[in-house]
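The values are calculated or read from the model by the stated rules, or taken from the named source; none is laboratory data. Just so it is clear, the model here is predicted, and its values are computed rather than measured. Don't worry about glycine lacking a Cβ; one is built from the backbone with ideal geometry, like all the others, and counts go over all protein chains shown. For accessibility, only protein heavy atoms count, side chains too; no ligands or nucleic acids. Shrake-Rupley method; radii C 1.70, N 1.55, O 1.52, S 1.80 Å.
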Amino acid sequence: REELPLEIDGVVFAVDSTRDRTALGTRSRSPRWALALKFEPRREITDVEDIVVGVGRTGKLTPVALLKPVDVGGVTVSRATLHNAQDLERKDVRPGDRVRIERAGDVIPAVVERIEVEGENRNAPFEMPAECPVCGSPVEAEGANHYCTGGLSCPAQLKRGIMHFVSKGAFDIDGIGEKTVDSMVDLGMLESVVDLFRLERDRLLELEGFAEKSADSLLGAIESSKDVELARFIYALGIRNVGEHVAGLLAMHYGSLDQVAGATGEDLTEIHEIGPEVAASVTGFFANAKNRATVDDLLGLGVVPKPPEKMAADLPLAGKVFVITGTLEGITRSEAKRKVQALGGRVSSSVSAKTDYVVAGTDPGSKYEMAVRLGLTAFSMGEFRCLIEGAWLPDDPAAEERRGEPPGES
C-alpha cells in the first residue's frame, strides 16, 4: 500500500478462471469467486479543541469534535463526528482531550477513542443542548438521538429541506443549487418550501448570477414541476425514514395523498417492508399541524400529486413472491428484482412455503432443489424474460405450452 503512487483502501482477490467462476456462481449481492479485503483505516492522534452540534435535514443533532488539524492519509482533518449523545458518553470525549481519530472507510473522519494523559485536568462532560443551536426550538431525545422540533422553521433544516425538495428524486427543479438556496433563505425569499412557488422574477434578478434568461428558466422549471408523481411528492416532504423506495410503496398502495395522510400506524405496517418505526414517522408527520399546513399550501398553489398509473393491487404480479437463484444471463440480479417489483411482485432471498415462483439461472443450486421438493413453479431465463417483457403471465393458460425449457437455458 505504501509503495503505490496512488491511494487505495483495500484489495480484491478474484478467481482467475472463468470456468471456476461459473462453477462457484454468485450470491444475491456478490460473487462467490471474489473476496474484498479492506485495510485498517489510518489513524492519527490529535487534540479536541471544542465540541459543537450540527443540525441535519431531518433535525437530527450531531455532536462534532473540532480538532487541532492533523494529516490523516493525505487529508487534513479538523472536524470529526461523534455520532450521537450515546456514542459521546460511551467514549467519554470532552473538550481538551487527546483522541485517536480515523477516516472511517478512508473517507469520513470519526473519533475512535480518548487517550488518557497522566495528570491531566479534564473539562466537564459535554451535554447535548436543550434547545436547537440554530433556531432555539426545544430539542427532543429519541433513543440515542436528539432532534430539533423546529421543522422547516429552523433555518438549518430549511436549507437542507429545500435542497432535498428540489432534488432529482423529488420535484427535480433545475437551476437551484446550494449557494442559491443559501442566498434565498438568508435574504428572506424562502421561509418554507412553499415559497418556491411564490418566487417573483424581480426578486430573482437581485441574486448573484441571475439574469433575465436564467430567472425565466428557473420560474419555468418551477411551474413545470407542479405536475409531480405522488411518490416524488411524498419523498420531497422529507418525512423521516421515508426514502424514495418507501415513498413509492406508499404511493402504489394508497394511490392518493389523502389516503396516505389518513393512514393509521396499523394500516401502514400491513404493507410489506414498512415497520413500526417508518409507520410512526409517517403518522407523526401528518399529525403535525405545521406539516399539514405546508402540504395544504402546496396544493393551494397548484401542485398536483399524480397517482400512479396502476395501483399495486392492479399489477399483474401483485402479491407474488419470487426467489431468484443461479447465474443470470443478460440481466443483473438488481435489474431482475426491479423488473419484478415494477410488476407488483416482490423478491425474497430464501425459498419457503410463501414463495410463489423461482427464477432459475445457470447452476441454480440448493434453492432450486428446495423449490422442486416444495412443488413450486420454476421459470427458466427464457420464460422470465417473456414474463418481465409482458409476453405472458403466470396465470396465462397458453404459458404452459412454452414451459418446455429446462431451468438455466434460454
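Applying the criteria of a DSSP loop state and at most 13 other Cβ atoms within 10 Å to the GluC sites (Glu not before Pro) of the stretch 71-128 yields GLU116, GLU118, GLU120, GLU127. A 1.4 Å probe run over the chain, with the rest of the protein chains in place, finds 55 Å² accessible per residue.
Within the accessible area of the chain, the carbon and sulfur atoms contribute 48%, probe 1.4 Å, all protein chains present. Translational diffusion of the chain was estimated from the Stokes-Einstein equation, with Rh taken as the Kirkwood radius over Cα pairs; at 37 °C and 0.692 mPa s the coefficient is 128 µm²/s. Work through the residues other than LYS68 whose Cβ is under 12 Å from its Cβ and net out their charges, Lys, Arg +1 and Asp, Glu -1. Neighbourhood net charge equals -4. Applying a threshold of 32 Å to the alpha-carbon distances of LYS168/LYS367; LYS159/LYS226; LYS168/LYS339; LYS226/LYS354 flags LYS168/LYS367; LYS226/LYS354 as lying beyond it. May I ask you to derive the relative contact order of the chain, considering only C-alpha pairs under 8 Å and at least 6 residues apart, and to give it as an integer percent? With pairs under 8 Å counted, the relative contact order is 9 percent. Entry note, the chain: the mean residue ellipticity at 222 nm calculated from DSSP H runs of n ≥ 4, each adding -39500 (n - 2.57), is -9000 deg cm²/dmol after division by the residues and rounding to the nearest 500. Largest GNM mean-square fluctuation across SER153, SER183, SER30, computed for the chain with C-alpha springs under 10 Å, falls on SER30. Note on the chain: GNM, Cα springs under 10 Å; of LYS306, LYS290, LYS213, the largest mean-square fluctuation is that of LYS213. Relative to its Kirkwood radius, the Cα radius of gyration of the stretch 151-267 gives an Rg/Rh of 1.02. Under a 10 Å cutoff between Cα atoms, tell me which one of LEU35, LEU317, LEU67 has the largest fluctuation in the Gaussian network model of the chain. Highest fluctuation of the listed residues: LEU35. Is the stretch 86-141 rounded, prolate or oblate when judged by the Cα gyration tensor, a ≥ b ≥ c being the square roots of its eigenvalues, rounded requiring a/c under 1.5 and prolate requiring a/b larger than b/c? It is oblate, given that a/c is not under 1.5 and a/b is not larger than b/c. Over the Cα atoms of the stretch 1-77, the radius of gyration divided by the Kirkwood radius equals 1.20; this is the Rg/Rh ratio. Using only side-chain charges placed at the Cβ, +1 for Lys and Arg and -1 for Asp and Glu, the dipole size of the stretch 308-395 relative to its Cα centre rounds to 280 debye.
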